1. Before anything else, pin down the relative contact order of region 3-133: Cα pairs under 8 Å, at least 6 apart, normalised by residue count, whole percent.
2. Write down the percent of antiparallel bridges among all DSSP beta bridges whose residues are both part of region 3-133, to the nearest 5.
3. For ASP119, what residues show an amide H to amide H distance below 5 Å, using hydrogens built from the backbone and excluding near sequence neighbours?
4. DSSP loop GluC sites (Glu not before Pro) in region 59-126 with at most 16 other Cβ atoms within 10 Å of their Cβ, which ones?
5. Report the residue, chosen from GLY44, GLY55, GLY109, that carries the largest GNM mean-square fluctuation when the chain is represented by alpha-carbon nodes joined by springs under 10 Å.
6. If we count other beta carbons within 10 Å of each Cβ, what is the order of VAL28, VAL98, fewest first?
7. Given R₀ = 22 Å, what would the calculated FRET efficiency be for GLN38 paired with ALA62, taking r from the Cβ atoms and rounding to 0.05?
8. Can you list residues from other chains, or at least 5 along the same chain, whose modelled amide H is less than 5 Å from the amide H of HIS113?
Amino acid sequence: MGAREVFDGLRRHMTGEEVADLWAEDVVVETPFAPPDQPRRIEGRERFLAHARAGRAALPVALEMGEVTVHDTADPDMIVVEYELGSFLPGTGERLSVPFIGVLKARDGRIAHWREYQDVPAMTAALGRVSATC
């Protein structure tokens, strides 16, 4: 699987356990603009998956990936992905979404490196609105 196929698998199974197999054992996940209370670098599949599971469990809503644009690079194992994560506010049904950019490097059909750029102010505002309705 190339980088696009790996990302398609991640997108299809974003919240399920099937996604565990998409990450290389020695994956490096970086979030350079992470909020101060979150790590900016995680090394290893098990450490990353534990962090991701804890983050999902702390959310009072289920996330879904919205609009996605994939950009190829000169390296066939690397893509740049623009996407949004969103959810519906409980009680109102209003959809909130936050934009992200990810850089995915694949190796042997798995994600070897993921660098995600987050809009932290938008995330903070959206999570504040979700918390106020729960």
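1. Values: 231 pairs, mean separation 35.8, N = 131.
Across region 3-133, relative contact order equals 27 percent.
2. Numbers: 29 of 33 bridges.
Close to 90 percent.
3. Distant-sequence amide H within range of ASP119: zero hits.
4. When the GluC sites (Glu not before Pro) of region 59-126 are filtered for loop state and at most 16 Cβ neighbours within 10 Å, GLU94 remain.
5. GLY55
6. VAL28, VAL98
7. Details: r = 20 Å, r/R0 = 0.91.
Step by step, r from the Cβ atoms, then E = 0.65.
8. VAL28, LYS105
Read the figures in this text as sums done on the coordinates, not as results from a lab. Keep in mind that what you see is a predicted model, and the values were worked out from it rather than measured. Don't worry about glycine lacking a Cβ; one is built from the backbone with ideal geometry, like all the others, and counts go over all protein chains shown.
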